Structures are given as C-alpha cells and as structure tokens.
Amino acid sequence: MENIEKFDWELVTKYLSNETSSQENNEVETWLNQSDKNRAEFEQYKNMLNKVDSYYQAKKFDDETAWKSVHTQISPAKVRSIQLQKTRKEVIAQFYKYAAIVVIALLLGSVVYYLGFHNPEKAYYSETISAKDQVLNEYVLPDGSVVTLNNDSKLLFPKKFKGNTREVTIIGEAFFDVQRNPEKPFVINAGNAQVKVLGTSFNVSAYPDAETVEVIVKTGKVQVISKNDIPEMESREVFLSPGEKGTLHVSNCELMKTVNSDPNFLSWKTHDLIFNTVPLHEVVECLEKAYHIDIDVMEPELNDLLYEGHFDQKPVDFVLNVIRLTFDLDLSVEGKHYTLMSRTNNQ
C-alpha cells in the first residue's frame, strides 16, 4: 500500500477540533472503519492531542517560539492557501495550535505519529463513492476500470494511482471490469481478503457483518489472498478462472475454491434471473437481494415449492405476479414489502 498517500493527520486534528466539513468527517470515519489498527492510532493521537490542549490552555509553552518552530515546517504556498479561507486572527490562532502539537509531540516522543509515518500500511483515500439506497452503475475509476456498486456499499480509491499497483478498498459488494495493465496490477482490499488482477471482470462481496468474503470470476484470472498469516491454514491464496468462486470464511480464515453454482450471482446488477427448479425460498432470497425488497412467505410449506423460470430485466412486481399465478397464491404489497400466501388461508 505504499503507492497510496499517507493519511492526512492534519485532517484528523481538524476532526478532533470539530473544524471539519461533513465530507471531511466522512473521509476520517471511513478511514477509521478500515481496520482496528487505524482506530488504535487514532485513539493514541487523540490522547496526545488532549495533552497538547492541556498545555496550550495552561500556556506552558512559549507562543513565539512555537510559532517559529511550526513556521519552518509549513510551506509558503500552504500558508497562502489557509489565509485565503480564514481571517488573520483565525490563522494565527490555528497556527499556534499546530505549533503546540509540534512542540508537545517532540516532548512526548510521538512525532512519528503526527507525521503519519509510523505505520507504512496506512492509506489516504482521496475519493469515495457510495451506494446507500440503490445500485450505482458503471463508475469509471482513474485508470479506466469500471465498477458497479451494489446497495449499501462503498469503494475507496486515490485520485490517481501511483507506484506499481492500482489499489482500492471495497466495503460491501461490487462488480469490477478492470482495465488490463500487466505492469500495474489491480489490488482490491476486501475485508480479510485481498484480490489481485491484471485485467478481468469479477464480483466481490465483502459486507462488514457477513460470515464470508466471496469472489466470483466472470472473465480472466484472479488471485485471492487471505490477509491473516495463520500457520495452520492449508492455503493462504487461490487462483480463480471464469466460473470459479473463492470463499474466505471470516471466523476461521479458511480460504476455499469451488465452482460457482449460482447463475444469479450478478442479478443485483443485471436483473437477469434464472431459476432451474429451485425451492421457493431460494427464489425469494434471490429476489430480495436483486431488487432490495422484503418478501414474506406466510406458510412454511410454501417454501418447498419448486419453481422454474427465466426473467430478463423484468420489474419485481411482474416476477412475483408470475410466481403467484404459477402456484395459485395471493400477493399483497405495502411499499417495498411483499407477502405471498395461500388463497385458502386468505378466504
């Protein structure tokens, strides 16, 4: 992750001082949610800043000396940029506070945390795209790769890919169509898994609360790596070809390769649904994920009914009405909540 810029600790300082915008708040909180290590460093930095504030309020440091100290570390261009946004009085007050951070950090021996060089794995992602209530279709990344985000998912990436890799982080589910570049592999951090490719298309599902991280390949070849270095693990990496699935179990870090048996793994993106004589409960699960709705089946025995059909980009109301007619059921609708029940039960 050395190719991604170090996280902006000045932004963290502003965050802890309640001086950030809502967008900056999202940047810091997204970074915090990436790992426990980030949270630990944040708490250590927060404690250090609290000590700084105590010194600052008690005036236990020389303002003039602190100003001279920090002035030598801030470029004139940065000073001019700040001056365009703040009054002269606010600038001086802000500079004194940052000067205190430098002085006290030196006294505490924690300057490495202030500079953000302690942990080479820290990453500063300057761009975030999010799909909170609906699918986000075909977002083009800086290298020309195209990503589609499923509902309730986030993708973090730099404004420009630097170094020898193109590195991003997915929280949730996404389909990637990666621009081929043999000299610069595409790397995806997905929970406890890491995915490396040169140019291919595949689906990654890595929701924070899920029991597994799943990668299903559509075209090309993909390498899936477990980030957990556990000696007793039989395999820490698998290579996937089209039609294969890699599954990382979060609880025991087991990494497996299997043949993908789900024809609807991309239905959330395509709304192309294929049901080859499957139980109704599997049909319901697929529809809920593809259309982001809730479906209740009133009688448990209905779940075992076998259904066969193919729907290509049909509205969910159309699909459920076909199922209703097939099994002679009743269907009620309230917003995004659907209920299937026997006709006899509703008479």
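The values are calculated or read from the model by the stated rules, or taken from the named source; none is laboratory data. Note that the structure is predicted; figures quoted are calculated from it, not measured. For neighbour counting, all protein chains shown are included, and Cβ atoms are generated from backbone atoms with ideal geometry for every residue, glycine included. Surface areas here come from the heavy atoms of the whole protein model, side chains and all, with no ligands, DNA or RNA. Shrake-Rupley method; radii C 1.70, N 1.55, O 1.52, S 1.80 Å.
Solvent-accessible area per residue in segment 199-308 equals 52 Å², computed with a 1.4 angstrom probe and all protein chains kept.
Each other residue within a Cβ distance under 13 Å of residue 292 adds +1 if Lys or Arg and -1 if Asp or Glu, for a net charge of -2. Residues whose amide H lies under 5 Å from that of residue 161, counting only those 5 or more places away or on a different chain, are absent; hydrogens are built 1.01 Å from N in the peptide plane.
For segment 229-347, which whole percent of the accessible surface, found with a 1.4 angstrom probe, sits on carbon and sulfur atoms? Carbon and sulfur: 48 percent of the exposed surface of segment 229-347. Of 212, 251, 266, which is farthest on the positive side of the dipole of segment 196-295, counting Cα position, with +1 on Lys and Arg Cβ, -1 on Asp and Glu Cβ, and the Cα centre as origin? Checking the options against the dipole of segment 196-295, the answer is 266. Using a cutoff of 8 angstrom between alpha carbon atoms and counting only pairs six or more residues apart, the relative contact order for segment 208-309 works out to 21 percent. Sites listed here are GluC sites (Glu not before Pro) in segment 135-206 whose DSSP assignment is loop and whose Cβ has at most 16 other Cβ atoms within 10 Å: 183. Other residues within the sphere of radius under 9 Å centred on the Cβ of residue 223, judged by their own Cβ, net out at +1 (K and R +1, D and E -1). Computed from backbone phi with θ = phi - 60° and the Karplus coefficients 6.51, -1.76 and 1.60, the 3J(HN,Hα) list for segment 13-30 is 4, 4, 4, 5, 9, 6, 10, 9, 7, 5, 5, 5, 4, 5, 4, 5, 5, 5 Hz; x is used for glycine and proline.
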